[in-house]
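The values are calculated or read from the model by the stated rules, or taken from the named source; none is laboratory data. In this text, all values refer to a predicted model and were calculated from it rather than measured experimentally. Note that we place each Cβ from the backbone using ideal geometry, even for glycine, and neighbour counts take in every protein chain shown. Just so you know, the surface numbers come from the protein's heavy atoms only, side chains and all, with ligands and any DNA or RNA stripped out. Shrake-Rupley method; radii C 1.70, N 1.55, O 1.52, S 1.80 Å.
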Amino acid sequence: MATYRRPGKVVARLMEMGTREDRALVFVMGAAFVMFIAQWPGLAREAHLAGTPLSISIGKAFVIVVFGLPLALYFVGFVTHWIARALGGKGTAFGSRLALFWAFLAMSPLLLFYGLVAGFVGPGTQAELVKLLCWLVFLWFWIAGLRTVHRADQTGQGV
């Protein structure tokens, strides 16, 4: 809940715990798994309306979200770090990844809400508004975390 009040302070506390790639990996994998679960209601709705087996849709979503998304987020984290450094940021690559992964994990309750809306209400204005809310909260958390990480090199280490 502290992230919803002051996301930068939470990322600063996480950075104070030291460079632990295992912690970052748990954050991104946990968030990906929550996102996978959040897709179930919408996938069930689509499968029911199309008359196709739900297991195929869930299997595809599992591979894409739980395996593909963390890899893509690692790449985004590195690119973000390079951009921040080019703009004068002082943080580490780990800090950039941690800010991204924590933002994704912290907004995961909203992803669950979006999944329920997509499953029970279906496509439409309500689902799009909740999706927009998810994106805005994610960007707020991520930008606040990046600002905190790149203000000063908090670990004393390089990339």
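Mind listing whichever residues of the stretch 127-142 are surrounded by fewer than 16 Cβ atoms within 10 Å (Cβ to Cβ) and more than 14 Å from the chain's Cα centre (by Cα)? Residues satisfying the conditions are GLU128, LEU129, LEU132. May I ask you to verify whether SER96 is of a type in the set (S, T, N, Q), within 21 Å of the chain's Cα centre (by Cα), closer than 19 Å to ASP22 by Cα and modelled with pLDDT under 95? Judged against the criteria, SER96 is a match. Restricting attention to the stretch 43-77, the residues that are open to solvent by less than 70 Å² (accessible area, probe 1.4 Å) and within 19 Å of ALA103 (Cβ to Cβ) add up to 10. Checking each residue in the stretch 78-108 for being open to solvent by 50 Å² or more (accessible area, probe 1.4 Å) and assigned to a loop (DSSP other than H, G, I, E, B) picks out LEU87, LYS90. Under the condition of being in contact (Cβ under 8 Å) with a residue 12 or more places away in the chain and more than 16 Å from PRO109 (Cα to Cα), the residues counted in the stretch 7-22 number 11. May I ask you to verify whether LEU69 is over 24 Å from PRO41 (Cα atoms) and either in contact (Cβ under 8 Å) with a residue 24 or more places away in the chain or of a type in the set (S, T, N, Q) (or both)? Spelling it out, it is not the case that LEU69 is over 24 Å from PRO41 (Cα atoms) and either in contact (Cβ under 8 Å) with a residue 24 or more places away in the chain or of a type in the set (S, T, N, Q) (or both). Among the residues of the stretch 13-42, those identified as assigned to a helix (DSSP H, G or I) and open to solvent by less than 30 Å² (accessible area, probe 1.4 Å) are LEU14, MET15, ALA24, PHE27, VAL28, GLY30, ALA31, ALA32, PHE36, ALA38, GLY42.
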